[in-house]
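First up is the structure itself, then whatever we jot down about it.
The values are calculated or read from the model by the stated rules, or taken from the named source; none is laboratory data. All values reported here derive from a predicted model rather than from experimental measurement. Quick reminder, even Gly has a Cβ in these numbers, built from the backbone with ideal geometry, and neighbours come from all protein chains shown. Just the protein is used for accessible areas: all its heavy atoms, side chains included, with ligands, DNA and RNA removed. Shrake-Rupley method; radii C 1.70, N 1.55, O 1.52, S 1.80 Å.
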Amino acid sequence: MYRFLLTRQWVILTLVGLALIPAMIKLGFWQLHRHEQRVARNDLVAHSLAYAPVPVGTLSAPGREVPQENVWRRVTATGTYDTKGEVVVRYRTDESGKSGFMVITPLVLDNGTALLVNRGWIPADSGQLAFPAVPAAPSGKVTVMGRLRADETPGSGIKDTKGLPPRMIMLINSERQAKELHRPVIGGYVELVSPAGDSGQPQPVPDPDHSSIGNHMAYAVQWWLFSAFVPVGWFILVRRERRDRAADAAAAAAAADGGEVARTAASPE
């Protein structure tokens, strides 16, 4: 009755179904883990932003990586902007998705170390190969407050293009900039929050979104439902195949019986 399951077509179909089930289950758990990571990131951002600002030297130092628990913490620093060491980061977007540059200006502290300050975004009016017109940083001694970020690395998903024009970079990395500035640079960098620039200054980096959790949980449920539909679909196909084969067999038998009756009627007595 079910001998058709041993045919080549049905063996392949069954093996494909058996392979899809664990694959879809695994994809569901992958989306679940992404959901959990997003929730954990949102919690980290919310807790970090809730802390009162502290001097940057209490959370980072030259040659030190910024620990995950300190990312997004608000920090303060006092120093003088080094506009000669200023660089721009290519292919960065504003809130609307328009491509441009981030302006990175070192803030030299009283002890001679530097802190990389992301002063904000400016448009690439002359393209990505020409150094843009950068609004001048405030002169004299200033006190800034911003969000502490970890150094960007090639493994963070940002393309690290070589051979860029002078004073252009792809990654905001304190170790690399320390070599260019010839002075110690505090690990990580700061997204400037205050003092807020006027209309002629770079567009501030927006606050991080820590409320959206995305659709990862919905995708996880979808993959698990798909994995459940595979055996159900296989069973439906088997029943249909069995019914169709039975109908074909019945039709063939009826045709054979009709032919035999016709031959019997046509034969002489």
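For the chain, the longest principal axis of the C-alpha atoms and the axis of helix 216-266 are separated by about 20°. The residue 5 and residue 252 beta-carbon pair, evaluated with R₀ = 22 Å, returns a calculated FRET efficiency of approximately 0.60. Summing Lys and Arg as +1 and Asp and Glu as -1 over all other residues whose Cβ lies under 14 Å from the Cβ of residue 4 gives a net charge of +4. In the chain, the portion of solvent-accessible area held by carbon and sulfur atoms comes to 59 percent [1.4 Å probe, whole percent, DNA, RNA and ligands not counted]. Note that segment 120-137 has calculated 3J(HN,Hα) couplings of x, 9, 10, x, 9, 5, 10, x, 8, 9, 9, 5, x, 7, 9, x, 5, 6 Hz, one per residue in order, obtained from phi through the Karplus relation 6.51 cos²θ - 1.76 cosθ + 1.60 (θ = phi - 60°); glycine and proline are x. Using a 10 angstrom Cβ neighbour count of at most 13 plus a DSSP loop assignment to flag exposed chymotrypsin sites (Phe, Trp or Tyr not before Pro), which longest range of the chain is free of such sites? With chymotrypsin sites (Phe, Trp or Tyr not before Pro) excluded where exposed in loops, the chain gives 52-269 as its longest stretch.
Counting only DSSP H runs of at least 4 residues, each contributing -39500 (n - 2.57), and dividing by the residue count of the chain, the helix-based mean residue ellipticity at 222 nm comes to -14000 deg cm²/dmol.
Put simply, the amide H of residue 185, placed in the peptide plane, has neighbours under 5 Å in 63, 114, leaving out anything fewer than 5 places away on its chain.
The H on the amide N of residue 91, modeled in the peptide plane, is under 5 Å from the matching H of 100, each at least 5 residues off or on a different chain. Backbone phi angles across segment 188-193, fed through the Karplus curve with coefficients 6.51, -1.76 and 1.60 (θ = phi - 60°), yield HN-Hα couplings of x, 8, 10, 8, 5, 10 Hz in residue order; Gly and Pro are listed as x. Against the main long axis of the alpha-carbon atoms of the chain, helix 8-50 sits at an angle near 20°.
Which entry in (i) 21.5; (ii) 23.8; (iii) 18.9 matches Kirkwood radius over Cα pairs in Å derived from the coordinates of this structure? Only one listed value fits the structure, namely (ii). Between residue 175 and residue 143, the modelled label-to-label distance comes to 3.4 nm, taking each label 7 Å out from Cα in the direction of the beta carbon.
Can you tally the lysine pairs in the chain where the Cα-Cα distance is under 20 Å and the two residues are eight or more apart, or on different chains?
4
Segment 127-149 and segment 3-78 have Cα centres separated by 32 Å.
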